[in-house]
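Quick note: the coordinates plus some simple rules give every number you see, no bench work behind them. Treat the numbers as computed from the prediction; the structure is a model and nothing was measured. Heads up, the Cβs are rebuilt from the backbone with ideal geometry, glycines too, and the neighbour counts pull from every protein chain shown.
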Amino acid sequence: MTFAWYAHLKNLNDRPWWIAALASWGIALFEYLLQVPANRIGHHELSLAQLKILQEAITLTVFVPFVVFYMQQPLKLDYLWAGLCILGAVYFIFRN
């Protein structure tokens, strides 16, 4: 979803918003076609809260390289702190 939500800021900046929305929706539809079955399969083993926290951890893991390498934004120390908070959330949601 990171690419669908943010890549248009770089690639379609000179286009009308509705073109960016259509392109983002097309990308998001493909990702949802993967995400919905993955959640259904995962829900057999994990709770809803565990699925959500795991999704957030994966999103942050994808977001940081996307921001740095694709969007060419500087790496910030705040990303480390956010990552540590997410890791804490993962720990607490998965502990027995």
- At R0 = 22 Å the Cβ-Cβ FRET efficiency linking ASN39 and ALA89, nearest 0.05, sits at 0.75
- Item | Rounded to whole Hz, the Karplus (6.51, -1.76, 1.60) HN-Hα couplings of segment 63-68, x for glycine and proline | 5, 4, x, 4, 5, 6
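If you keep only loop residues by DSSP, which GluC sites (Glu not before Pro) in segment 3-59 have at most 10 other Cβ atoms within 10 Å of their Cβ? Don't jump to the answer; show the numbers that get you there.
Details: sites: GLU31, GLU45, GLU56; in loops: GLU45.
Answer in residue order: GLU45.
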- In order over segment 85-94: 3J(HN,Hα) from phi, Karplus 6.51/-1.76/1.60, θ = phi - 60°, whole Hz, x for each Gly or Pro, gives 5, 5, 4, x, 4, 4, 4, 5, 6, 9
- With the contact rule set at Cα under 8 Å and sequence spacing of 6 or more, what percent relative contact order holds for the chain? 30 percent
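Where the only charges are on Cβ atoms (+1 Lys, Arg; -1 Asp, Glu), what is the dipole of the chain about its Cα centre, to the nearest 20 debye?
Working: 6 positive and 5 negative charges, 7 e Å.
Taking the Cα centre of the chain as origin, the dipole is about 40 debye.
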- Query: Quick one: if you stick a label point 7 Å off each Cα along the C-beta vector at LEU29 and GLN72, how many nm between them?
  - Reply: 3.2 nm
